[in-house]
Amino acid sequence: MRPISMQKAAQGEWPCDVTGLLRSWSEGDQRALEKLTPIVYEELHRLARRYMQHERPGHSLQTTALVNEAYMRLVDYKRMQWQNRAHFFAVSAQLIRRILIEHARRRNLKRGKGIQHVSLEETAVVGGKRTADLVALDDAMKALAQLDPRKERVVEMRFFGGLSVEETAKVLKVSPVTVMRDWSTAKAWLYRELSGRKPDGLRSLETSR
Amino acid sequence: MDSDRWKQVDSLLQAALERPESERDKFLRQACLGDAELESEVRTLLASSEEAGSFLENPAMEVAAQDIAHTKNNQGSSLKGFHAGQVISHYRIVDKLGSGGMGVVYKAEDVRLQRMVALKFLPDEVADDPQALSRFQREARAASALNHPNICTIYEVEEFEGQPVIVMELLDGQTLKQCIRGKALPFDELLDYGIEMSDALAAAHAMGIIHRDIKPANLFVTKRGNSKILDFGLAKLGPSTDSLAMETAAPTVTADASLTGAGNVLGTVSYMSPEQIRAKPLDSRTDLFSFGVVLYEMATGRLPFGGESSGAISDCILNRVPTPPTRLNPELPAELERIIGKCLEKDRNLRYQHASEIRADLQRLQRDSDSGRATFTTVNSTLQLARSSNRWMAVVTVVIVGLVASALLAWRLGGPHRSVTLASEYIQLTNFNDSATAPALSSDGRMVTFFRGGAHFLGSGQIYVKLLPDGESRQLTFDSNAKYDPVFTPDGSRVAYTGVSFANTVWETWTVPVLGGPPALLMANAAGLSWIGPDRVLFSEVEAGTALHMGIVTAKENRAEERSIYFPAHERAMAHYSWLSPDRNWVLIVEMNGATQWQRCRVVPMDGRSAGVEVGPEGACAAAAWSPDSQWMYLNMSVDGSSHLWRQQWGQRAPQGNPEQITFGPTEEEGLAVASDGKSLIASVGVRQSSLWTHDAAGDHAVSLEGVAEAPRLSPDGKRLYYLLRKSSSSDVRELWRRDLASGKSDPLVTEQRIADYDVSRDEARVAFTVRMAGESRIFLAATDRSAPPRLVVRGGDLVSFSPGQLFFRQLGGKANYLARVQEDGSGLTRILDTSVVEVGGVSPDGEWATAGARFASEIGTFAVAVRNGARRRICAGACFVQWSADGKYMYVSLTSRFSAAAVTRKTYVIQIPHGFGLLDLPASGLDRASDAELAGIQSIPQADVSPGPDPQTYAYASAAFRGNLFRIPLH
């Protein structure tokens, strides 16, 4: 008998499909990625729209809830059985990474073309609103993977997958303390890598609260 | 850096971080033992760590989303800066007109052509998604080809700095939404707009362009009083309609904050057609339904299908008949009400089939009211009762059909009648004790060929021929290959049939001489073949490179000049039979969907220009034929489990009028052929029989029983068999019996009842069963030792299952059915789901999971529902029957609904459930749609609706067979 994953059907309309698509993708079906991409994009834009509606300082609790909701809608982590959750954590973090990086690449490209966008970016940076450079992070993470693959996976799961320390620990089958240590070293290394590689030192992955 | 070195760096960094900041410097100096490079490495990391702050602490989704929000906010302010005079490409911005879900709209001057235009920038969701973008470009280019005075013209589709822009006609006026604002429009305006817009729809549909989002916000009225349809081709954009096919900013509308958020979705749902809500493939008729909603709103100022939530609105659209418009606006003519009602038919085959028909009816109404001849009404007239797909309604329909049948019978006894066929006039042509089915006539009408023995489709029977009226039946084939669909060659010298060898699944057409002789191969990869000329054939072919994608093609007998006519959209679907209309324009088709279920009959144009339309009632089409004048289609269809003949008029391009059932009664029909004079048809008429079987490691064993036995259930130990027994096939008394399989002794448990369904408690002490009496379904409980008479548990319920201490069942409401449970003593009746259900299946032995077919917003299928909290998990995308073994170790999923005779799939999956876990995750597509890979390793049984025994090798099932002979049925 084939092992069957135990994802709980979520309350939303399509997470079931996401699970199936994730499975197909992890088994090498590239068409699944094509189907997953718009789903992640939609979630991303839904989130962005809500930021635009609610953007006010001091709403970090609500922000956290929104992000959690977005992740939950993509993959209903909490309700999975442990054994298979681990697999899905890993796969979905990888997937979200891939799609967000692709998205960021496209946006960067677009900004490159439009004069307006570039100037807006500069205003933002000068004004202290540091925006993400996910593409540079992705490159740095690839370098980190050469050095210490587990640390890269910790970053992938925590940052891209939105997992907690405990969850990451369970996926990687290490103690939470180890994850904390990996996390702090990786963060320091990546930060140095990104700020070092960019002499202006301004582009970072810090987000405004 | 090598790995040891890195480990050293890592551990020193961690050790430093564990120390208070003040001690770190000293610690590093000591720990690095003068290795300057090491020390520098750790120190820079330490510095980075201290600086990093919130770096990476917010999840990537948030970072990316905030980046978008941030850019958009700036973009918004920058676009406001598109002041008069600013030039984009060759357009000079004049003014910002509005923004909404579909983007931002500007008024601009085309500098080159010196005309005013509207520029619409699409939202990022579209711009960022390459697939959505290319789809948009395709659609918009198609729409830009539309040139009609009542369609807002799209001039160009361009890209500006990576941002797609639509350049379109600039309009001055307001949307219909703004015109209506809760009030009915003046009647003459309604007619003007209605005629213009139906004409515009007709033009678009003729070019194959469907709008998909017709609603007042997309309809525009110019200051000069002309109506325009906006945004053709845009509704299909994006990953889902709810996020993108939203309120569209009309060119002259200023930004409207209320046009965002949930209200959008509600607004959109209100105008959706039933097929849109069911997420079925759409054709142009979806626009006609939405247009009907708009007409209704123009006529009354109100929406026909209202509700608090999109779910409630969807339910209304699917199941409710709207308040007659004349009740809301007594000044309306009855004819308008009829027109609106015909637009709002839920079954699209009963709706207007073309926008031009609506236009014609509205124009006629306009002419008549201009000349004062329109009949105005204040009396209550009702909208045409829209056919509901609701199962309860189907039951009502059957009852009505039954009543009609008896009324016809009474009529016949009483005097003149108008029924199409009369059982008393049937002339029996064959007299076999098994079955003769699938008749086909020779072109001179003097010979009939047919299939004898067993099931016709891919059956094990043989091909026969008979000279009419009383020649001897002669067997023509003798081999053991599966075969079906015999037809005569044009000269009547041979019979062609489809032969299938299952060893390698090859579909071939063979011929055999009518005077007897060896069969000869006519064409490989050809099935369901018939002649449409001396040398030209129409047949089904499996598409090259696919496993089973079968469509209809035509070619010469030597396969020259082959041309495809119709292939079903689904790559596993198969179109098996085809009949060309005598006027040679249309082909009637019988097909299976991707889940190997027979579909409704279909008519497609012979030139293959479109996929045509479905015809006949909701049900499974088995065979069809044309009348000689091509005016009528005769359809052999299984509706609600009963196979009869129907007919429907064909009006060139679309069916006319409702399908009409023409044969009735306890006998059923299988296959038909219409005589060349059109005055009679030949069909197989007979009865379906059912036999019971058990299966164990040694194989299948027939259970010999008197009468018609159905619905077998095996005891948990596999030693006793429960079943329903009808003494004869025409009796509707169904008793519950139990048989001891070892001794062969049978005992009645419940007698003299019309039992519809039942379940046995796990300890076999009690049975629960459903009886239909006095127009109501009632659930009773009885002791198997017959110590007391059956006791009524609940009224208005059926499809009952035991769970510990309780009964689960389908609660039958007047308008909807629900999944419910009740204590065995009849107390504590509760619904498990608020959502209505279609069918109800088994319950897990621990009482944790119940199963039901239902729709949750856009998610349709058969679900397991957690009894405790209503959480659900989809098992099949369509109807399947789910049950558990008594020990709870296996779940059995049969790919058929519980009482549907329509499905040909005879398959039950047996899925092992890991210890201690109530239910599994299954392929997301549903077991019935899952790929072979997803199903790999899952055991299956080649029978539908098996009853589980003590282990997966032991089960019971019923096998139904048809026993019938050919009859000639005169037509009136």
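Summary table below
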read-out: Helices (runs of 4 or more DSSP H) enclosed by region A:120-206 - at least 1 residues per element that are in contact with a Phe, Trp or Tyr (Cβ under 8 Å, 6 or more places away or on another chain), within 11 Å of chain B (Cβ to nearest Cβ) and at pLDDT 90 or above; value: A:134-147, A:149-155, A:176-197
read-out: B:Ser11 assigned to a helix (DSSP H, G or I), surrounded by fewer than 12 Cβ atoms within 10 Å (Cβ to Cβ) and small (Gly, Ala, Ser); value: no
read-out: B:Arg929 charged (D, E, K, R), modelled with pLDDT under 85 and farther than 30 Å from A:Arg23 by Cβ; value: no
read-out: Strands (runs of 3 or more DSSP E) completely within region B:163-282 that count 1 or more residues being in contact with a strand residue (DSSP E or B) (Cβ under 6 Å, 6 or more places away or on another chain) and at pLDDT 90 or above; value: B:219-222, B:227-229
read-out: Test result for B:Arg713, among the basic types (Lys, Arg) and in a strand (DSSP E or B); value: yes
read-out: Of the criteria (1) surrounded by 21 or more Cβ atoms within 10 Å (Cβ to Cβ); (2) farther than 25 Å from B:Met592 by Cβ, which one B:Glu541 fails; value: (2)
read-out: Scan of region B:938-956 for residues that are small (Gly, Ala, Ser) and in a strand (DSSP E or B), ordered by number; value: B:Ser940, B:Ser947, B:Ala956
read-out: Of all residues making up region B:758-774, the number that are modelled with pLDDT under 90 and either in contact with a helix residue (DSSP H, G or I) (Cβ under 9 Å, 6 or more places away or on another chain) or not basic (Lys, Arg) (or both); value: 3
read-out: Strands (runs of 3 or more DSSP E) contained in region B:422-497 and holding at least 2 residues among the charged types (D, E, K, R); value: B:482-488
read-out: Qualifying residue in region B:182-199 (condition: surrounded by 23 or more Cβ atoms within 10 Å (Cβ to Cβ) and touching a His at 6+ places or on another chain (Cβ under 8 Å)); value: no
read-out: Filtered residues of region B:655-665 (kept if surrounded by fewer than 18 Cβ atoms within 10 Å (Cβ to Cβ) and within 25 Å of the chain's Cα centre (by Cα)); value: B:Gln656, B:Gly657, B:Asn658, B:Glu660
read-out: Residue check, B:Val837 crowded, with 24+ Cβ neighbours inside 10 Å, more than 13 Å from every other protein chain (Cβ to nearest Cβ), of a type in the set (A, V, I, L, M) and within 22 Å of B:Lys907 (Cα to Cα); value: no
read-out: Counted residues, region B:799-817 - those being under 27 Å from the mean Cα position of the chain (by Cα), surrounded by fewer than 21 Cβ atoms within 10 Å (Cβ to Cβ) and modelled with pLDDT of 85 or more; value: 0
read-out: B:Val9 vs. criteria in contact (Cβ under 8 Å) with a residue 24 or more places away in the chain and in contact with a Leu (Cβ under 9 Å, 6 or more places away or on another chain); value: yes
read-out: In region B:847-864, residue nearest to the other protein chains (Cβ to nearest Cβ) [restricted to those that are surrounded by fewer than 24 Cβ atoms within 10 Å (Cβ to Cβ), of a type outside the set (Asp, Glu) and over 13 Å from the mean Cα position of the chain (by Cα)]; value: B:Ala857
read-out: Residue, nearest to the other protein chains (Cβ to nearest Cβ), within region B:22-58, restricted to residues that are farther than 27 Å from A:Glu156 by Cα and in a loop (DSSP other than H, G, I, E, B); value: B:Cys32
read-out: Candidate set from region B:818-837 (those that are among the acidic types (Asp, Glu) and modelled with pLDDT of 90 or more); member that is nearest to B:Trp884 (Cα to Cα); value: B:Glu824
read-out: So B:Glu668, is it of a type in the set (Asp, Glu), at pLDDT below 90 and either closer than 25 Å to B:Thr554 by Cβ or crowded, with 20+ Cβ neighbours inside 10 Å (or both); value: yes
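The values are calculated or read from the model by the stated rules, or taken from the named source; none is laboratory data. Computed from a predicted structure; not experimentally measured. Neighbour counts run over all protein chains shown; Cβ positions are idealised from the backbone, glycine included.
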